[in-house]
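The structure appears below as structure tokens.
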Amino acid sequence: KKLTENDLNILKERTKKYEIFKKERKSDRCFSLGLYEFLGLGFDYSEKYLEYVLNMKLSDINLEIENLLCLDKFVISIVE
């Protein structure tokens, strides 16, 4: 099932709220900044990530869904 424009807008809004919420406490901000630096992402990764998410296009996401979740190519085995 593909995403709709409404789904994408909801996801973008939730991501934006989460990024804002994540920075409310000083300890959370410090943890995030330290983690991003430790991972080599840079101290401004949070802003770059949010900008990337807000600029996502529905067509690109649906194309990735088709490529990643192509059910014709999946093999599921159950081992008991």
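The values are calculated or read from the model by the stated rules, or taken from the named source; none is laboratory data. Only a predicted model underlies this, so the values are computations on that prediction, with no experimental measurement involved. A quick note on method: Cβ atoms are made from the backbone with ideal geometry, for glycine too, and the neighbour counts reach across all protein chains shown. Calculation scope for accessible area: heavy atoms of the full protein, side chains included, ligands and nucleic acids excluded. Shrake-Rupley method; radii C 1.70, N 1.55, O 1.52, S 1.80 Å.
Here is the figure for segment 1-22: residues that are free of Cβ contacts under 8 Å to residues at least 60 places away in the same chain, open to solvent by less than 70 Å² (accessible area, probe 1.4 Å) and not in a helix (DSSP H, G or I) total 2. Considering segment 32-48, the residues that are more than 26 Å from ILE10 (Cα to Cα) and assigned to a loop (DSSP other than H, G, I, E, B) include one that is most open to solvent (accessible area, probe 1.4 Å), namely PHE43.
In this structure, is GLU51 acidic (Asp, Glu), exposed (fewer than 11 other Cβ atoms within 10 Å of the Cβ) and modelled with pLDDT under 90? So GLU51 does not fit the description; no. Annotation: ARG29 fulfils all but one of (1) surrounded by 13 or more Cβ atoms within 10 Å (Cβ to Cβ); (2) of a type outside the set (Asp, Glu); (3) modelled with pLDDT of 90 or more; the unmet one is (3).
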